[in-house]
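Enquirer: Here's a structure for you.
The values are calculated or read from the model by the stated rules, or taken from the named source; none is laboratory data. Since the model is a prediction, treat every value here as computed from it, not as a measurement. When we count neighbours, we look across all protein chains shown, and the Cβ atoms used for this are built from the backbone with ideal geometry, even at glycine. For accessibility, only protein heavy atoms count, side chains too; no ligands or nucleic acids. Shrake-Rupley method; radii C 1.70, N 1.55, O 1.52, S 1.80 Å.
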Amino acid sequence: MNELKPERHLTKREYLVVSSMLFALFFGAGNLIFPLHLGQLAGSHWLPAALGFLVTGVLLPLLSVLAISITHSEGVYDIGRPLGPVFALAFMILIHGTIGPLFGTPRTATVSYTVGLAPLVPAKFQTLGLLLFSAVFFGLAFLFSLEQNKIVSNVGKLLNPVFLILLALVFFLAFSSPMGHLATQHATKAYQTGAFTNGFLQGYNTMDALAGLAFGVTVVTAVRSLGKRRENAVAMVTARAGVLSMGLVAVIYLALILVGAMSLGKFNLSANGGVAFNQIVNYYLGAAGQAILAVLISVTCLTTAIGLVAAFAQDFHKHFPKVSYRTWLLLTTLASFLTANVGLNQIIAWSTPMLMFLYPLAMVLILLSVFSPLFKRDSLVYLFTVVFTVVPAVFDMVAAFPAVVSQSSFGRAMTGFQQAYLPLEKYGLDWLVPALVGAALGLGAHLLKAQRAAAANHAN
């Protein structure tokens with residue numbers, strides 16, 4: 001009985017605060033610009049494109065949060081643990097490196113600057129402007145993340161409402177005075193025949209399925225700081241908060257896709273969602289719109305950066321405890337600052353191959369975790385599924401590299417083999433059939449092992 005004394009029920013307000021924190025951690029600049037650009041690409045075919053995008057942009061991140069809850073995990077490492085400590089540690093490092101200081105975290109600063117402030121800075125001062133902006137940006141991210149138990153307060157209560165108010169203003173203007181009719185907007189060739197699959201692949205760019213695994217430790221720490229101690233109670237709060245936060249994300253994604261499609265009534269297809277957002281806000285608000293856009297992008301990117309640097313520091317301190325949380329936090333913040341100044345184009349170009357490799361692995365590990373109670377988290381099921389998934393994932397990674405790799409003799413040979421022998425390659429889903437085959441073999445091996453164990457027990 002004494003063990004239950006610290007346990008208490010969370011109020012509705014506290015549930016909303018945790019959900020708000022989760023939303024803020026997930027929703028960064030990429031979550032603004034990618035669905036907006038998707039709407040422009042899809043035009044009148046926006047609905048199937050939106051459905052595909054919502055699978056990888058909303059459903060999969062929600063499943064990643066549920067995977068953390070169901071398996072009582074505290075982060076990426078625990079999700080990969082059934083395959084052994086070496087795999088789990090390697091998977092954790094790859095995930096945190098990709099969404100952290102190598103690609104994801106620097107992108108929060110470069111997108112903020114490129115979309116929000118760069119149009120206001122003279123061309124000759126762009127490099128200096130990015131340097132100064134990213135220094136202030138990551139300085140703030142570091143300060144907000146210093147106290148682990150205050151992350152829920154700093155992010156959920158302070159920064160998130162500012163973002164939602166600004167975004168609501170943009171949506172109000174866009175829907176009260178639409179720039180075009182959805183049914184008449186032109187769809188690009190790829191989206192005329194493959195809107196769903198292209199939307200599905202565009203969802204990779206949000207990195208949210210990977211982030212959901214990484215944010216697990218941050219969410220668990222925050223929930224425990226509110227008074228929850230038992231594993232089942234922490235899991236339930238995490239799951240409920242995930243449903244609430246990702247539901248809001250889905251509504252915003254759908255609105256952004258619609259706004260993007262309608263914008264074709266006034267603008268040509270833009271180079272990226274950042275340019276599109278810039279055009280839309282300036283169309284409705286003129287010069288004042290640019291200032292609002294700068295604040296909107298900076299606030300939403302800062303909230304995501306806070307979550308990413310905190311999750312990195314928490315996970316790495318847990319597995320390499322000789323280095324303190326604050327030291328890991330300083331290291332990842334400094335590394336992100338340095339990478340950010342390489343430039344947005346280079347970050348995106350080199351992050352895509354890693355996403356093509358990691359997303360299939362993350363997807364199968366998330367699904368295996370969600371359904372793990374059905375096969376008692378048997379490592380055999382994990383092993384067969386992951387081995388069969390990793391091979392086509394490597395092919396996808398090579399094909400997605402910049403030309404220096406993908407167009408080399410090695411790259412062309414890999415692509416030729418991929419196109420000839422892997423089904424669904426042209427849809428970017430060549431990992432799906434091998435993963436299903438691996439899962440079927442793994443489940444078969446699990447059932448056979450269970451039958452043998454039952455027979456041995458019966459014989460005894």
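Enquirer: Quick one: is residue 109 free of Cβ contacts under 8 Å to residues at least 40 places away in the same chain and in the same structural domain as residue 210 (by the TED database)?
Expert: Details: free of Cβ contacts under 8 Å to residues at least 40 places away in the same chain: no; in the same structural domain as residue 210 (by the TED database): yes.
It is false that residue 109 is free of Cβ contacts under 8 Å to residues at least 40 places away in the same chain and in the same structural domain as residue 210 (by the TED database).
Enquirer: Next question, about the same structure. Which condition does residue 272 not pass, out of (1) modelled with pLDDT under 85; (2) surrounded by 21 or more Cβ atoms within 10 Å (Cβ to Cβ), if it passes all the others?
Expert: That leaves (2) as the condition not met.
Enquirer: Are there helices (runs of 4 or more DSSP H) fully within the range 375-460 with at least 1 residues that are open to solvent by 50 Å² or more (accessible area, probe 1.4 Å) and of a type in the set (Val, Ile, Thr)? List them. First the steps, then the outcome.
Expert: On the way: elements: 379-400, 403-406, 409-421, 432-459.
Qualifying helices (runs of 4 or more DSSP H): 379-400, 403-406, 432-459.
Enquirer: Still on this model: Here are some residues: 296, 285. Which one is aliphatic (A, V, I, L, M), touching a residue at least 60 places away in the same chain (Cβ under 8 Å), farther than 14 Å from residue 144 by Cα and crowded, with 21+ Cβ neighbours inside 10 Å? Even if it seems obvious, please write down each step before you answer.
Expert: On the way: 285 fails: crowded, with 21+ Cβ neighbours inside 10 Å.
None of the other options fit; the residue is 296.
Enquirer: Can I ask one more? Could you check the range 357-374 and list, in sequence order, the residues that are of a type in the set (S, T, N, Q) and either on the phi > 0 side of the Ramachandran plot or crowded, with 22+ Cβ neighbours inside 10 Å (or both)? Walk me through it before giving the result.
Expert: Restricting attention to the range 357-374, the residues satisfying the condition of being of a type in the set (S, T, N, Q) are 369, 372.
The answer is 369, and nothing else.
Enquirer: While we're looking at this one, here's another question. Exactly one of these conditions fails for residue 341: (1) open to solvent by 10 Å² or more (accessible area, probe 1.4 Å); (2) under 23 Å from residue 66 (Cα atoms); (3) at pLDDT 90 or above. Give me its number.
Expert: With respect to (1) open to solvent by 10 Å² or more (accessible area, probe 1.4 Å); (2) under 23 Å from residue 66 (Cα atoms); (3) at pLDDT 90 or above, residue 341 is out only on (2).
Enquirer: Among the listed residues 16, 60, identify the single one that is modelled with pLDDT of 85 or more and in the same structural domain as residue 270 (by the TED database).
Expert: Values: 16 fails: modelled with pLDDT of 85 or more.
Just one listed residue meets the conditions, 60.
Enquirer: Here are 398, 391, 437, 364: which of them is within 21 Å of residue 213 (Cβ to Cβ) and either of a type in the set (Ser, Thr, Tyr) or in contact (Cβ under 8 Å) with a residue 24 or more places away in the chain (or both)?
Expert: Being within 21 Å of residue 213 (Cβ to Cβ) and either of a type in the set (Ser, Thr, Tyr) or in contact (Cβ under 8 Å) with a residue 24 or more places away in the chain (or both) holds for just one of 398, 391, 437, 364, which is 364.
Enquirer: While we're looking at this one, here's another question. With the condition being at pLDDT 85 or above, open to solvent by 20 Å² or more (accessible area, probe 1.4 Å) and on the phi < 0 side of the Ramachandran plot, I'd like the helices (runs of 4 or more DSSP H) fully within the range 137-244 carrying at least 3 qualifying residues.
Expert: On the way: elements: 160-176, 189-202, 208-214, 216-225.
Answer list for the range 137-244: 160-176, 189-202.
Enquirer: Oh, and also: In the range 288-335, what count of residues is obtained for those that are charged (D, E, K, R) and outside any helix (DSSP H, G or I)? Talk me through it step by step, then tell me what you get.
Expert: Taking the range 288-335 as the starting set, the residues that turn out to be charged (D, E, K, R) are 315, 318, 322, 326.
From what is left, the residues that are outside any helix (DSSP H, G or I) are 322.
Counting residues in the range 288-335 that are charged (D, E, K, R) and outside any helix (DSSP H, G or I) gives 1.
Enquirer: Consider residue 93 against the criteria (1) modelled with pLDDT of 90 or more; (2) closer than 17 Å to residue 207 by Cα; (3) open to solvent by less than 10 Å² (accessible area, probe 1.4 Å): it satisfies all of them except one. Which criterion is unmet?
Expert: Only one criterion in (1) modelled with pLDDT of 90 or more; (2) closer than 17 Å to residue 207 by Cα; (3) open to solvent by less than 10 Å² (accessible area, probe 1.4 Å) is unmet by residue 93, namely (3).
Enquirer: Can you tell me which residue is nearest to the chain's Cα centre (by Cα) among those in the range 99-116 that are hydroxyl-bearing (Ser, Thr, Tyr) and at pLDDT below 90?
Expert: By that ranking, first place goes to 108.
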